[in-house]
Amino acid sequence: MGAVDQDALVVVSLRANGTVVAGSVKVVGNNMGGMPASSIAGGSHFGWSIATCGDIDRDGVADLTVGARTDGTGGPDTGAAYILYLNPGNDADPVKDFLKLSNLTSGVGAAFSSGGLWAAAGGLGDLDGDRRPDLLLAGRGDSTAGVGRGSLVVAFMGGALASPSPSVSPTPSASPSPSPARAGDVIRSVKIADGTGGLPGNLLGNNDLFGESVRAIGDIDGDGIVDVAAWAIGDADGATLAGATWIVFLNRDGTAKNVSKISATEGGAEFSASNEGYFGASPTRFD
């Protein structure tokens, strides 16, 4: 799957050798692939980020989050995130339904600041133990504590319940979601920014753009809770725009319990900084 011009995605099926199955190419955009006309604003950069987010609507098919980081809902360059509920197989349109998360969305909209360039960053699994998959959003232009410092948002989702998981139990701090909530409703959200949501104040600098790229990276510290890696493309450790990656250790309530920074001057990476080096792009875990 990839983004193309005119704010659309392309969905393909692959053979075992990595080539595309003939006739499987489908475009997802306005009035294409199951999306209604005018559902995507022109010039919103729909497709800026694409990630799986688990089975939000509990139909047995994995769903997608798609970022549109220059969407103007609620203000210029506020950004938005789409949840695409996918159809199984190759015969039907790829998308059977969708939900747009924006500045106007109950439960999360207040976090979407104008100019924040908000976009989807993918799934976190069931963070709070309520048997519903939760989402991670990022706003690299958010100015909560200073111009362009950036921030993350953990969105706790409603909808149908999954089967009980023996490895995850609800905690007293995790309020149960009301059962009438439909798939994709945001029950509540937590913003992680400089001095907010567990991050110490003045941890980030102006124009660090923390959240340019974000990934869930599994349980790094062994506490049974998923953790997150976030790229700060504008970080200036050792050089102008040298870049850095932050490891954010999460609590089950969506706040940060601790952070660790990897840059040219911190975290033991031992490399030389360079101007416009942009270290830390697209952090990913592999074992």
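The values are calculated or read from the model by the stated rules, or taken from the named source; none is laboratory data. It should be emphasised that the depicted structure is a prediction, and the values quoted were computed from it without experimental measurement. Every residue, glycine as well, gets a Cβ built from its backbone with ideal geometry; the counts of neighbours run over all protein chains shown. Remember, those area values only see protein heavy atoms, side chains included, never the ligands or the DNA or RNA. Shrake-Rupley method; radii C 1.70, N 1.55, O 1.52, S 1.80 Å.
Side notes on the structure shown:
- Here the chain is treated as a Stokes sphere of Kirkwood radius computed over C-alpha pairs; at 37 °C and 0.692 mPa s its diffusion coefficient rounds to 169 µm²/s.
- Dipole magnitude for region 1-155: about 260 debye, using +1 per Lys or Arg Cβ and -1 per Asp or Glu Cβ, origin at the Cα centre.
- Selection from P200, S282, V190 lying farthest towards where the dipole of the chain points positive, charges on Cβ: V190
- Surface accessible to a 1.4 Å probe, V20 within the full protein complex, Å²: 60
- Once the C-beta distance of D93 and S260 is scaled by a Förster radius of 35 Å, the resulting FRET efficiency is 0.20 to the nearest 0.05.
- When only Cα pairs below 8 angstrom with a gap of at least 6 residues are kept, the chain shows a relative contact order of 11 percent.
- Relative contact order for region 189-246: 24 percent, from Cα pairs under 8 Å spaced at least 6 residues apart, divided by residue count.
- Looking at the chain, the accessible area is 43 square angstrom per residue; that uses a 1.4 Å probe and ignores ligands, DNA and RNA.
- Karplus-derived 3J(HN,Hα), 6.51/-1.76/1.60, for each residue of region 17-33, Hz, glycine and proline x: 8, x, 8, 7, 5, 4, x, 8, 6, 9, 9, 10, x, 4, 6, 9, x
- Counted residue by residue at 0.36 nm each, then reduced by the alpha carbon distance between them, the extension gain from N206 to D287 reaches 25.8 nm.
- Taking every C-alpha pair closer than 8 Å and separated by at least 6 residues, the mean separation divided by the residue count of region 227-275 gives a relative contact order of 33 percent.
- The overall shape of region 3-106 is prolate: from the C-alpha gyration tensor, with semi-axes ordered a ≥ b ≥ c, the ratio a/c is 1.5 or greater and a/b exceeds b/c.
- What the phi angles of region 69-86 give under the Karplus curve with 6.51, -1.76 and 1.60, with θ = phi - 60°, is a coupling list of 6, 10, 4, x, 4, x, x, x, 6, 5, x, 7, 10, 10, 9, 9, 8, 9 Hz, glycine and proline written as x.
- Separation in nanometres of the label points that stand 7 Å from Cα toward Cβ, at S13 and V27: 2.1
- Number of Lys-Lys pairs in the chain with C-alpha atoms under 22 Å apart and a separation of 8 or more places or on different chains: 5.
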